[in-house]
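Remarks on the structure that follows.
The values are calculated or read from the model by the stated rules, or taken from the named source; none is laboratory data. Since we're looking at a predicted model, the values are computed, not measured. All Cβ positions, glycine included, derive from the backbone under ideal geometry; neighbour counts span all protein chains shown. Please note that ligands, DNA and RNA were not included when accessible areas were found on the heavy atoms of the full protein model with its side chains. Shrake-Rupley method; radii C 1.70, N 1.55, O 1.52, S 1.80 Å.
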Amino acid sequence: MSEIVRLDTLDKENGFNAYVARPQGEPKAAIVVIQEIFGINAGIRRKCDKLAEEGYLAVAPDLFWQFEDGIELDPDIEAEMQKAFDLFAKFDQDQGIRDIEAAIKWARSQGCRKVGAVGYCLGGRLAYMTAARTDSDATVGYYAVGVDSLLHEKHAIAHPLMLHIPTEDGFVDKDTQKAMHEGLGNHPKVTLHDYEGLDHGFATEFGKRRSEEAANLADSRTAEFFAEHLA
């Protein structure tokens, strides 16, 4: 079962929508799904639905409420891709983390003792920030951008974090990947997985970017990770 739920911001001064997918029966845990730069589109909703099928309460906060409610973009359409880049450039990431924290708190209010998070692209970067700045019990980031500029926060990562890194990511160059491995490779709470020859967006649910074999491998690792640390 899925629905749109209205969440309060942490300061209670605003509200924003979240796509919520509920499992049949009592959820074994909750997972906040953090969007790409394309909003809560069909792919992100499908990620939530699949998590619900696995027994989790899945919550995808509409982080682009900063601009307007209900932005949905298709990366395979050039004009929409450009709009997504424009929104990314203007996006307040610190506010985004506060909204993710609000979604985590809401999930706990639904009776879920453990709450994790998973993010993609921009959401992958925000997943790293979530692991460092919130009480998420377990966090996963796919093709996170710009993590090299956040390594100074790694000391604050207190719960397990997994990052999926495609080696031919057009938005994460080799120097950045090297910095991620050097900065996080020995961190006791961090697990890194490389995907040789894969590009950004390989685990998207729909569209040209998907690589079926690699997506299934990454998603199976994510499922095992959440099963161990949440369920």
### Message
Could you check the range 24-54 and list, in sequence order, the residues that are of a type outside the set (A, V, I, L, M), open to solvent by less than 20 Å² (accessible area, probe 1.4 Å) and more than 18 Å from Tyr143 (Cβ to Cβ)?
### Response
Cys48
### Query
Quick check, is Ala60 touching a Cys at 6+ places or on another chain (Cβ under 6 Å), at pLDDT 95 or above and not in a helix (DSSP H, G or I)?
yes
### Summary
The number of residues in the range 36-57 that are assigned to a loop (DSSP other than H, G, I, E, B) and within 21 Å of Phe91 (Cα to Cα) is 5
### Message
Here is a list: Leu163, Leu126. Which entry is within 27 Å of Arg210 (Cβ to Cβ) and either free of Cβ contacts under 8 Å to residues at least 12 places away in the same chain or surrounded by 24 or more Cβ atoms within 10 Å (Cβ to Cβ) (or both)?
### Response
Leu126
### Task
Please determine, by comparing only the residues of the range 74-113 that are outside any helix (DSSP H, G or I) and surrounded by 20 or more Cβ atoms within 10 Å (Cβ to Cβ), which one is nearest to the chain's Cα centre (by Cα).
Pro75
#### Entry: Meets criteria (farther than 18 Å from Val59 by Cα and outside any loop (DSSP other than H, G, I, E, B)) for Met180
yes
### Query
Do you know which of the residues in the range 183-222 that are in a strand (DSSP E or B) and among the hydrophobic types (A, V, I, L, M, F, W, C) is surrounded by the fewest Cβ atoms within 10 Å (Cβ to Cβ)?
Leu192
